[in-house]
1. Of everything in region A:1-41, what is surrounded by 14 or more Cβ atoms within 10 Å (Cβ to Cβ), farther than 22 Å from A:L134 by Cα and within 14 Å of chain B (Cβ to nearest Cβ)? Give them in sequence order.
2. Which residues, counting only those in region B:236-268, are part of a helix (DSSP H, G or I), more than 9 Å from every other protein chain (Cβ to nearest Cβ) and acidic (D, E)?
3. Where the second residue is not in a helix (DSSP H, G or I) and the first is acidic (D, E) and lies in region B:225-246, which pairs have Cβ atoms under 6 Å and are six or more apart or on separate chains?
4. Assuming A:W91 fulfils every condition listed in (1) surrounded by fewer than 17 Cβ atoms within 10 Å (Cβ to Cβ); (2) away from every other protein chain (no Cβ under 13 Å) apart from one, which condition is it?
5. Can you tell me how many residues in region B:327-338 are in a helix (DSSP H, G or I) and away from chain C (no Cβ under 12 Å)?
6. Write out, first by first residue and then by second, each pair whose Cβ atoms fall under 6 Å of each other, whose residues are 6+ apart or on separate chains, and whose first residue, in region B:294-307, is within 7 Å of chain C (Cβ to nearest Cβ) while the second is among the polar types (S, T, N, Q).
7. Among the residues of region B:161-179, is any within 23 Å of the chain's Cα centre (by Cα), modelled with pLDDT under 95 and small (G, A, S)?
8. Which of the residues spanning region A:44-79 are touching a residue at least 60 places away in the same chain (Cβ under 8 Å) and either more than 10 Å from chain B (Cβ to nearest Cβ) or of a type in the set (S, T, N, Q) (or both)?
Amino acid sequence: MTESSFILKHPLRVRVFHYLLAASFLTLAVTGIMLYFKLLAEPAMNTAMQVHVVAGVVLTMDALAFFFLAFDRVVLFTKRTFTFSGNDIKWFAVLGGYPQKILLHKKVDVPPMGKYNAGQKLFGICVLVGGTLLILSGWVLWALPHAVPHGAASMIGSIHLYASWVLILFLFVHLFLGIYMWDDFKAMFVDGRIPYEDAAEKAPLWVKNDLRRLG
Amino acid sequence: MNQETKTYRKGEIPGIIAINARECKGCDACKRFCPTGAITGMFGTTHRVDVDRCISCGQCLINCPFGAPYETVDPVDEVAAKLADKHVTVVGIIAPAVRVAIGEPFGMPAGSLVTGKMYSAMKKAGFVILDNNFAADLTIMEEGTEFIQRARHALFGEKAEHGGGIGPLPQFTSCCPAWVRFVETNYPALIPNLSSAKSPQQMAGAVAKTYGAAQVFNVAPESVYTVGIMPCTAKKFEASRPEFQSAWHFTKEKGGSAPSAPYPDIDAVLTTRDLARLLKKMKINLAAENDAEGGTLFAEYTGAGTIFGNTGGVMEAALRTAWVVLTGTPLSKIEFTAVRGLKGVKSAAVTLRDRKYGKEVTVKVAVVHDIRANIRPIVEEVMAGRSPYHFIEVMNCPGGCINGGGQPVCDTGSSWIGRVLPSFAWS
Amino acid sequence: MSKNDPSHEFIENPFSLSRREFIAIGGVIIALLALPAIWIRSALINRNHHIQARTKGLYQDDATAKIRLSHENQAVMKLYKDFAGKPLSPVSEELLHTKYVNRMKALS
């Protein structure tokens, strides 16, 4: 392997999905917090709700399009996030070595990971389950709160609230680590490529098992 | 509440329903149930009730996903105090729809008919029973006779027995206080069409404090404390209407002893939910009670009185009696199934022979419930003089009083009747 | 991506899942997505159940009543005999009838 070789980690359709997801979810999170804490006066609250609804529609369209146009990637992602081994427990025991590295500038041994490390898997599960619940509950709360039985509607409201808290809290971690790992950030937002040696360090099992050399 | 209100008279409770700003998410569900557009506040903002438009029906309260609307009047403690006072005869006036819903807060399935358990629990709490079904039968006598008078006046030119005017057709029922206030605030031109008969609750109160005090309870009228037990939040408003002090006026006119300050015909109104809270507070488990009899003259009721709580029930009860009175012959089939069910507007035509005039007449009736969805075309028709009907029953709530705003909130239920279509809230 | 694209040498092997695995996981995803839809649908269909059950309760009370016509209520007849006279009598008019008020003027 030469030092200049790259892996295409995020193909174009994944990147487009992620652009729209990032834009709509950030908007939803910000407006959602405004709405929950009632931070604004009446007309502005209404605008926030309208923005929330529009961003929700964008997010739904994005998710639906990806689900139907890239169902293979949905299946692959689901399989990877739900596949665990003893290494994941060991990974969590040292939290992937990140706190040590970031806070103490110390390098600790980290068990080998696949494409997603244990933390990313947990995040992935939350995104899959929580995102689906948020989208479904959001639509019911917007369009059908009158027809859904009282108890079901209130339960759906709670689901929307708790799922959004979980995802918003994860979002901070995701944003921080995403920017911290600048190569990955560039890959997702620019050209999809990451350096081979970087991947070999962070995701050795993936590099070993799941790659194909071109040409 | 000290705000200026425009559609209330002195003494009336302005707005039974308010919205808890902390709980409201601005989802707009309540607006879709409100028959009068009384709920203001843009989508996504805290909603408020415009009390001048509100008819206190409580549909927003039982349908809000977040439980934000609440009742501003809570007489549970006052009633408990009266029950503890040995010098007061506390009369519990129990509406038909309460007996099929009061079991729910005590863990029984929806629709359980618990008349006997309810009598037992209420007697244990200290109530004297006046089953409002009795007053419903009385309402049929008054309202049915009034309808026959109006119909004979319109068809045969009959004059009123005691002089005075006779109202026009179609006659609207007047049992539903939310509907009455709806007419008063939105279609006052139709006031003459409303039956002049009081609602059963108000008849019961007036009777309990006159005839009841003197000949049934044998106490002074002012020591009778009447409590309406209703599936309805609007009944709390109705009881506060200043004209409903008729027992006091009547007693005074007849030279009886009456305090200088007038007392109302109905002293307090408990919703079905309030009654459940009162009983639980007194540690009475209704579900565990044995069946009991009402035990007073006023507990006697008929099947016609009990169906008042269903949409179509008032009409069916009236038709049964009107048929027998007009034709002089018994009914071959007691049920009028055409006026039953959850269709928005039900109509029926009954052809019968009026024995007094020896002529065949066809009585056309209509039954409307869920007025938010169904009343406009019917009243517009009457306003334009094109209504084909002679008698129209109107109940505000979807399904009638059994789904009233004062009933226990059903977690698996919604008042939305008919097709489910998404409604995309925006501004 | 063309095979001769010079920007990268490696891609993910798109065949890292067997056909069987793909169908199984895909099926589970779709089944799990269908669950909330089925639940909401059934909640919607049964949303008027309490109205129907209470309605039935009252009709049952009527069907099992010994007397089913208001004018045959002996207590009501006794009230008229002892006190009110008959429907629409002056006593009835005073105690059992009312008037309504126009509240619209205040609104406009």
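1. Answer for region A:1-41, where residues must be surrounded by 14 or more Cβ atoms within 10 Å (Cβ to Cβ), farther than 22 Å from A:L134 by Cα and within 14 Å of chain B (Cβ to nearest Cβ): just A:L40.
2. B:E238, the sole residue that qualifies.
3. Filtered contacts from region B:225-246: B:E243/C:T98.
4. That leaves (1) as the condition not met.
5. 2
6. Short answer, once both residue conditions are applied: B:Y301/B:N133; B:T302/C:S70; B:T302/C:N73; B:A304/C:S70; B:G305/B:N133; B:T306/B:N133.
7. Yes, region B:161-179 contains a residue that is within 23 Å of the chain's Cα centre (by Cα), modelled with pLDDT under 95 and small (G, A, S).
8. Answer for region A:44-79, where residues must be touching a residue at least 60 places away in the same chain (Cβ under 8 Å) and either more than 10 Å from chain B (Cβ to nearest Cβ) or of a type in the set (S, T, N, Q) (or both): A:G56, A:L59, A:T60, A:A63, A:R73.
The values are calculated or read from the model by the stated rules, or taken from the named source; none is laboratory data. As the structure is a prediction and not an experimental result, all values here were calculated from the model. Quick reminder, even Gly has a Cβ in these numbers, built from the backbone with ideal geometry, and neighbours come from all protein chains shown.
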